[in-house]
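Heads up: the structure comes next, in structure tokens.
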Amino acid sequence: MSSQIFNPDKNEIVKEMPDLPGMYRTYPNTGGSVMLPLLEKNNYEAEIMICGGGDYDDPESPTDDTCGKIRPLDPEPRWDITKMPGGGRSMVEGITLLDGTILWLNGARLGCEGFGTASEPALDAMVYSPATKDWALAGRTDIPRLYHAVALMLLDGTILVAGSNPNEMPILPKDVDLKDPLRAFPTEFRVEEYTPSYLLGKRAHKRPRNIAIDKKVFIPGKTVSSIHFHSADQPKDVKVWLYHGGFVTHALHMGQIMVEMEQVKSVTYHKHGRYEVAIKVPGIKLAPGPYVIYLTVNSVPGHGQFVSVQNK
Ligand SMILES: [Cu+2]
């Protein structure tokens with residue numbers, strides 16, 4: 001697979017980059033892609049991760065178990081390859097989680113996108129940590145999520161997982177026939193909510209609460225806002241994220257972005273368990289529009305709130 005930086009306004013190639021090794025990563029052998037969270041300690045440098053793919057347009061097509069990561073703005077960009085646990089996967093979708101890890105889920109181990117063209121669903125969810133470069137299995141579903149499945153972060157920090165319709169016309173569960181590829185998997189109407197590890201067990205009760213964001217309109221690099229919040233525990237590690245879930249179709253997640261907010265003033269204690277932190281959106285180029293601010297305290301996120309980012 002070739003790779004390049006392309007300027008759609010001028011219709012020109014800005015920079016050719018090295019080929020990404022492995023199988024095809026595009027329709028109908030779609031792989032998933034995410035931009036890893038933009039962190040202050042990395043000077044907000046973008047890094048793109050592309051996982052999975054396949055070989056040809058057929059229910060028996062093998063799938064790719066590799067992911068490539070690249071920093072396109074580096075003077076000498078190169079692909080750093082990592083292997084997904086559990087084998088190859090097409091139509092795998094990536095979601096940035098609020099602890100800075102990436103959730104990969106949905107898709108198939110055999111086959112590709114299209115009607116009746118995937119034969120073995122991939123049911124495991126996996127989490128990749130850019131900080132440690134480790135993979136972990138992170139839950140399993142029994143619902144195949146093939147062609148036309150989607151996943152999206154919700155305001156409460158969990159992930160909505162929906163869809164799968166590898167059929168030209170809807171197939172109800174009673175009409176499934178495993179021997180007929182065109183009827184092997186139903187049109188899926190069940191919706192799941194995936195809870196990341198940061199909200200499991202006792203952590204669900206440790207969320208920061210009553211979050212009050214003073215300003216709702218941000219100009220990157222300029223607007224400073226206070227955030228007040230309640231925390232039952234001493235907030236040893238506070239992070240504030242600017243998040244946009246993007247738009248997803250066909251396992252392709254566009255415009256998903258997660259940016260660490262700059263802490264202008266560190267956390268101060270007021271009273272009655274109430275704390276304050278002052279933040280601003282870093283002075284980087286961002287598409288204007290709606291975003292969500294999430295606050296995490298000791299790695300547990302509170303409920304997100306919509307804000308707006310403007311260029312001036
Ligand atoms: Cu389609």
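Only the coordinates and a few stated rules stand behind these numbers; no lab work does. Please read all numbers here as calculations on a predicted model, not as lab measurements. Positions of Cβ are generated from backbone atoms using ideal geometry, with glycine treated the same way; all protein chains shown enter the neighbour counts.
Computed values, structure above
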read-out: The chain, dipole about Cα centre (Lys/Arg Cβ +1, Asp/Glu Cβ -1), debye to the nearest 20; value: 1740 debye
read-out: Gaussian network model of the chain, Cα within-10 Å springs - most flexible of Leu242, Leu160, Leu73; value: Leu73
read-out: Sequence-distant residues sharing a close amide H with Arg89 (under 5 Å, placed H); value: Gly53, Asp64, Asp65
read-out: Equivalent-ellipsoid semi-axes of region 32-82, from the Cα gyration tensor, Å, largest first; value: 28, 11, 8
read-out: Stretch gain in nm, segment Asp237-Thr82, where the contour uses 0.36 nm per residue and the Cα spacing is subtracted; value: 52.9 nm
read-out: Across Lys216/Lys236; Lys41/Lys236; Lys133/Lys206; Lys41/Lys202, pairs whose alpha-carbon gap is larger than 21 Å; value: Lys216/Lys236; Lys133/Lys206; Lys41/Lys202
read-out: Within region 189-257: Cβ-based charge dipole about Cα centre, in debye rounded to nearest 20 (Lys, Arg +1; Asp, Glu -1); value: 200 debye
read-out: Partner aspartates and glutamates for Lys69 [C-alpha distance under 17 Å; skip if fewer than 8 residues away on the same chain]; value: Glu16, Asp19, Glu45, Glu47, Asp80, Glu93, Asp134
read-out: Region 40-47 - phi-based ³J(HN,Hα) in whole Hz, Karplus 6.51/-1.76/1.60, Gly and Pro as x; value: 4, 5, 9, 6, 6, 6, 6, 10
read-out: Per-residue HN-Hα couplings for region 169-181 [Karplus 6.51, -1.76, 1.60; θ = phi - 60°; Hz; x = Gly/Pro]; value: 10, x, 10, 7, x, 5, 9, 5, 9, 4, 7, 9, x
read-out: Of all DSSP beta bridges in the chain, antiparallel share, percent nearest 5; value: 95 percent
read-out: As computed over region 101-189, the Cα convex hull volume per residue (Å³); value: 104 Å³
read-out: For region 150-298, convex hull of alpha carbons as volume per residue, Å³; value: 142 Å³
read-out: Calculated FRET efficiency for the pair Gln4/Thr158, C-beta based, R₀ 45 Å, to 0.05; value: 0.80
read-out: Region 44-171: C-alpha pair distances exceeding 18 Å, %; value: 55 percent
read-out: Unmatched cysteines, the chain - criterion: no other Cβ of a Cys under 4.7 angstrom; value: Cys112
read-out: Spacing of the two label points (7 Å from each Cα toward its C-beta) at His272 and Glu16, in nm; value: 6.6 nm
read-out: Percent of Cα pairs exceeding the 33 Å cut-off, where the set is the chain; value: 30 percent
read-out: Top of Gly283, Gly32, Gly245 by mean-square fluctuation, Gaussian network on the chain, Cα under 10 Å; value: Gly283
read-out: Fluctuation leader among Trp104, Trp135, Trp241 - the chain, Gaussian network, Cα springs under 10 angstrom; value: Trp135
read-out: Footprinting exposure proxy for Thr223, Thr26 (fewest neighbouring C-beta atoms within 10 Å first); value: Thr26, Thr223
read-out: Segment Ala287-Asp57, length gained on full extension (0.36 nm per residue, minus Cα span); value: 79.3 nm
read-out: Linear extension gain, Val191 paired with Thr132, 0.36 nm per residue minus alpha-carbon span; value: 18.1 nm
